[in-house]
Amino acid sequence: MILLAKPKDIKRLSYGYSLIMGIACLIIGIGSAFYHASLTFIGQFFDVFGMFLLATFMLVYSIERIYNLRLTTTIMLFLLFNIFLSGLQIAIPDTRRYVFAVVLIVALFFESYFRIKYKPQIEVRWLRYGIGLLTVAYSIWILDNTRVLCFENSLLQGHAVWHILGAISVLFLHRYYASEI
């Protein structure tokens, strides 16, 4: 007797998508380290570029699942978004934080639309944990950046907490995607 996998046993997130997400995370880490070590514009570019890669991955992955895009279309969309965002970051660097937030919010909108329309079996709690943690991280970063809660001589820095909580939120995001059946 041949045993066939039931549809509910098939995971949606492929190795290729996990790899793209992993590469985006590596670029975030390396870019951030490079920026903080050099404090140069090129370092800043790669720091933010990694964040754009992750946010556009979220956006394009949602769009691919909604419209069932072909692989070549998905890759081209991902590349075009990132080329545009890279150009924007070079031309108008002061917009990088706001543009990142907009891309992230649009990605979450498309993800919500996908969940409402297709009702996939997916553990939404991981997405909620990730968004909640990122919100806390961003709040701490703002308090540190505006010097409201800043301990310059302390080993514990608000910006460092931002990085740690941000990394954990990305782990939750991957758990969310990996839970989809």
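Listed values for the stretch 63-80 are Karplus-derived 3J(HN,Hα) couplings in whole Hz (6.51 cos²θ - 1.76 cosθ + 1.60, θ = phi - 60°), namely 4, 4, 6, 5, 9, 6, 6, 6, 4, 5, 5, 4, 5, 5, 4, 4, 5, 4, and x replaces Gly and Pro. Here, the chain is characterised by an Rg to Rh ratio of 1.01, where Rg is the alpha-carbon radius of gyration and Rh the Kirkwood radius. Under the simplified labelling scheme, the Glu123-Leu19 pair shows an inter-label distance of 2.5 nm, with each label point 7 Å from Cα along Cα→Cβ.
With only Lys, Arg, Asp and Glu charged, each at its Cβ (+1 for the first two, -1 for the last two), find how big the charge dipole of the stretch 66-170 is about the Cα centre; round to the nearest 20 debye. Provide the component values of the computation, followed by the final result.
On the way: 9 positive and 5 negative charges, 92 e Å.
With only Lys, Arg, Asp and Glu charged at Cβ, the dipole is about 440 debye.
Taking amide H atoms as placed 1.01 Å from N in the peptide plane, the amide H of Leu13 lies under 5 Å from those of Glu180, each 5 or more residues away in sequence or on another chain.
In the complete set of protein chains, residue-level accessible area for Phe151 is approximately 120 Å², probe 1.4 angstrom.
Using heavy atoms of the protein chains and a probe of 1.4 Å, the accessible area assigned to Ile28 is about 40 Å². For the stretch 86-99, the Karplus equation 6.51 cos²θ - 1.76 cosθ + 1.60, evaluated at θ = phi - 60°, returns couplings of 5, x, 5, 5, 6, 6, 9, x, 5, 8, 3, 5, 5, 5 Hz by residue, with Gly and Pro reported as x. Karplus-derived 3J(HN,Hα) values for the stretch 105-118, using 6.51 cos²θ - 1.76 cosθ + 1.60 with θ = phi - 60°, are 5, 5, 4, 5, 4, 5, 5, 5, 4, 4, 5, 5, 6, 9 Hz; glycine and proline are entered as x. Farthest towards the positive end of the charge dipole of the chain, among the residues Gly87, Thr74, Ala137, is the Cα of Thr74, using unit charges on the Cβ of Lys, Arg, Asp and Glu. Per the Cα gyration tensor, the stretch 74-127 maps to an equivalent ellipsoid with semi-axes of 28, 14, 8 Å, ordered largest to smallest.
The values are calculated or read from the model by the stated rules, or taken from the named source; none is laboratory data. Bear in mind that the values here come from a model prediction, so they are computed numbers and not experimental data. Every residue, glycine among them, receives a Cβ derived from its backbone with ideal geometry; neighbour counts consider all protein chains shown. Keep in mind that these areas ignore ligands, DNA and RNA; they rest on the heavy atoms of the full protein, side chains included. Shrake-Rupley method; radii C 1.70, N 1.55, O 1.52, S 1.80 Å.
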